[in-house]
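Notes follow once the structure below has been shown.
The values are calculated or read from the model by the stated rules, or taken from the named source; none is laboratory data. Owing to the predicted nature of the structure, the values given are computational and were not obtained by experimental measurement. Here the Cβ positions follow ideal geometry from the backbone for every residue, glycine too, while neighbour counts run over all protein chains shown.
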Amino acid sequence: MGILEVKGVNKRFGGLQALGDVNLSVEENTVHAIIGPNGAGKSTLLNVLVGKLIPDTGSVMFDGQSVLGRSPHEINQMGISRVFQTPEIFGDLTVMENVMIPCFARRDGSFRLHAFETVFNEKALVEQAEQILIDVNMIDKRDMHAASMSRGDKRRLEMAMCLVQEPRLLLLDEPTAGMARADTNNTIELLKEINEKRDITMAIIEHDMHVVFSLAERITVLAQGTPLVEDTPENIKGHPKVQEAYLGQAHG
Amino acid sequence: MLGLNKKDFSLLLIVALLTMLAPFILNPFPEGSELAQFNAGYPDLMQRFVIFGIFAIGFNILFGLTGYLSFGHAAFLGVGSYAGVWMMKLLTMNVIPAILVSVIVAGLFSILIGYISLRRSGIYFSILTLAFAQMSFALAYSVLTPLTGGETGLQLSLNDPRIIGTSVTESGSIPVTHLFGLEMRDSFELEMGAWLFTFNAGYYVCAVVLLVAFYIAIRIFRSPFGMMLRAVKSNQQRMKYTGLNPKPYTLAAFVISGMYAGLAGGLMVSMDPLAGAERMFWTASGEVVLMTILGGAGTLIGPILGAGMIKYMENILSKINSTILHEWFAFMPDGIEDLLVTLVYPFIGKGWHLTLGIIFMLVVIFLPGGLVEGGQRIARLFRRKKEEPKGPDPEHHPKPAPHVAE
Ligand SMILES: Nc1ncnc2c1ncn2[C@@H]1O[C@H](COP(=O)(O)OP(=O)(O)OP(=O)(O)O)[C@@H](O)[C@H]1O
Ligand SMILES: [Mg+2]
């Protein structure tokens, strides 16, 4: 039994079958990549996992509990965090505040009327937040207005916000898109380290094959809403179906 | 100090000084001089400055932090006023129970309205709050007349069944509001040369309440709760996927600001025990929006400045009439005098709204951060002048950061 079990999930948008009978099992403490051409339904699948979309049929179990019908904040509190394809951060707040918010969410739950505490007097949380900013190499941007940063920095910030929660399952939707090569490599290192040190299971969607093959232990190939194959990176590389559906396309 | 950092504490101190010394500050011109008409240091008006300051501080907790623009907050002020007068009719002329009950009743009422209105956001939320406030206004005028006094308003009478205290004083009149015996209308007058300063008990009660209200607002702004409210404004999606439920946060902000409005209403009737439905009219809700934006939404001191500015204009500018204008321009040749009076006349007296409108437009266009941003720009100008003689720092980049208009 994996930590995440997706069974028979279907999702239609009008006439479009975005997800067709998706089965997926993610083992605890592994990095599982989901690849596939544009429009294959990868983001849609993540939307189902985090409660943004409700599938037409099927079941999604996380750690033995059903995710379906729960609201996004409840699913996050169960231990699932997500990095979005277009960075979702608190643009009006500083970088440090952006990271403090998940710290409070983790400690205090989905709502607490903590109106008479002072944000930066919470020493333990401030330390946590600063540590994660050091880990993602952003501590020098601590007091910057988050909206004024580059796209790559916003991505790293969003990742820091998810990591500081120490989720049990981290979902990453193209985490290196829009990053410079050097930042991409740093991100790979960071994710590797996190997976090893903190026992965070990861499901990662990525178009950059360099990232996929450096990180993934299992790969699922999705095409037109249906999983084609699921296997180890070595086997996926040579798989004819994959060549045809995905890699073949990419190499023209 | 008091759990505030240095900057916030000095801000609180400045507000404390301004309010405590207001009878001096607002009366700069000697009695009987021509400029005395610009004096604002009389009890009525000073009370209004402070009470509307409280109203705006509370409104800013909702609008400034979460970005939810309520167009119905006057309803809470109105409900608070009614509740306060009822406490005086039924229980005691002491203002403390009246104020407490005003806050509680307004809080309960805002839970109801907030719960329903917050199902929508943006313009739909604004319209829902507006609709609720107008409904309250209409109800106060019609079916709720036994509770609200309808068109005449709710006032004290000689046969109120007051439990603590008497219905009628020995001299046969209605008792006055007091704080443990200190009458709200009590004033101490100080004559210094040509100047006359009035220190009114009611004003000082309001001022102390303002300071407490302002202190609480600062704490909220700096708290994790306040940060979550800014997160609501910034990105609710991200909030949800970070395990936070934006709904109760927004509702809490709505109720807190409703309670501030109730507090303002309670203070109003503590100063003058009369509550009318017109306090809930939509223009009254619009006024607090103007105050907050004019002063600087989302800033701490902005709403107080905005409230002061609008109340000053409403009470001082509106008093100027054409006779006074003629006096001002009397030194000009007759033709020009008449021309000037004709030109200025639309902007004063009843036309003060026009002046307010123009100022508001100018502020929104040129100072989107309100008066506070204006102040910051001036401060920056001075700071730059001071730093200039130092010369460029060779270790720094010679180019100053480009100033991006926000
Ligand atoms: N909310 C929606 N309403 C209607 N159609 C949608 C919606 N979300 C996604 N789709 C459609 O579903 C299909 C799958 O989209 P999805 O975003 O999951 O693809 P993807 O695999 O993430 O692609 P990409 O690599 O470009 O990010 C696409 O055809 C898309 O247009
Ligand atoms: Mg996608």
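The listed residues are B:Met46, B:Met87, B:Met1, and the only one of them that is crowded, with 19+ Cβ neighbours inside 10 Å and over 17 Å from the mean Cα position of the chain (by Cα) turns out to be B:Met87. Scanning segment B:222-262 for residues that are among the small types (Gly, Ala, Ser) and at the interface with chain A (Cβ under 8 Å from one of its Cβ atoms) yields a count of 6. Quick one: is A:Leu16 surrounded by fewer than 20 Cβ atoms within 10 Å (Cβ to Cβ) and either more than 9 Å from chain B (Cβ to nearest Cβ) or away from ligand 2 (no atom under 16 Å from the Cβ) (or both)? Yes; evaluated as a whole, the condition is true for this residue. Picking from residues in segment A:18-61 that are in contact with a helix residue (DSSP H, G or I) (Cβ under 9 Å, 6 or more places away or on another chain), away from ligand 1 (no atom under 11 Å from the Cβ) and small (Gly, Ala, Ser), the one that is farthest from A:Val212 (Cα to Cα) is A:Gly58.
Residue count for segment A:1-17 satisfying the condition of being over 19 Å from the mean Cα position of the chain (by Cα) and more than 13 Å from ligand 1 (Cβ to nearest atom): 3.
When A:Ala177 is tested against (1) within 16 Å of ligand 1 (Cβ to nearest atom); (2) without any contact (Cβ under 8 Å) to a residue 40 or more places away in the chain; (3) of a type in the set (Gly, Ala, Ser), just one condition goes unmet, and that condition is (2).
Against the conditions (1) within 15 Å of ligand 1 (Cβ to nearest atom); (2) within 14 Å of chain B (Cβ to nearest Cβ); (3) touching a His at 6+ places or on another chain (Cβ under 9 Å), A:Gly91 satisfies every one except (1). Screening B:Glu278, B:Glu287 for residues that are within 26 Å of B:Thr177 (Cα to Cα), among the charged types (D, E, K, R) and in a helix (DSSP H, G or I) leaves exactly one candidate, B:Glu278. In the set (1) within 11 Å of another protein chain (Cβ to nearest Cβ); (2) outside any helix (DSSP H, G or I); (3) surrounded by fewer than 23 Cβ atoms within 10 Å (Cβ to Cβ); (4) free of Cβ contacts under 8 Å to residues at least 60 places away in the same chain, the condition left unmet by A:Glu97 is number (2). With respect to being in contact with a Phe, Trp or Tyr (Cβ under 7 Å, 6 or more places away or on another chain) and buried (at least 22 other Cβ atoms within 10 Å of the Cβ), B:Ala231 fits the description. Only a single item in (1) part of a helix (DSSP H, G or I); (2) buried (at least 18 other Cβ atoms within 10 Å of the Cβ) is not met by B:Leu244, and it is number (1). The one condition from (1) touching a Ser or Thr at 6+ places or on another chain (Cβ under 6 Å); (2) modelled with pLDDT under 95 that B:Val232 does not meet is (2).
Please count how many residues of segment A:53-88 are more than 11 Å from chain B (Cβ to nearest Cβ) and either part of a strand (DSSP E or B) or within 14 Å of ligand 2 (Cβ to nearest atom) (or both). Looking only at that region, the number is 10.
Does at least one position in segment B:189-201 carry a residue that is over 24 Å from B:Gln37 (Cα atoms), away from every other protein chain (no Cβ under 14 Å) and not β-branched (Val, Ile, Thr)? Checking segment B:189-201: not a single residue is over 24 Å from B:Gln37 (Cα atoms), away from every other protein chain (no Cβ under 14 Å) and not β-branched (Val, Ile, Thr).
Away from ligand 2 (no atom under 16 Å from the Cβ) and assigned by TED's automatic domain parsing to the domain that holds A:Gly225: is that true of A:Asp21 in this structure? So A:Asp21 passes the test.
Filter segment A:24-52 down to the residues that are within 13 Å of chain B (Cβ to nearest Cβ) and within 16 Å of ligand 2 (Cβ to nearest atom), then identify the one that is surrounded by the fewest Cβ atoms within 10 Å (Cβ to Cβ). It comes out as A:Lys52.
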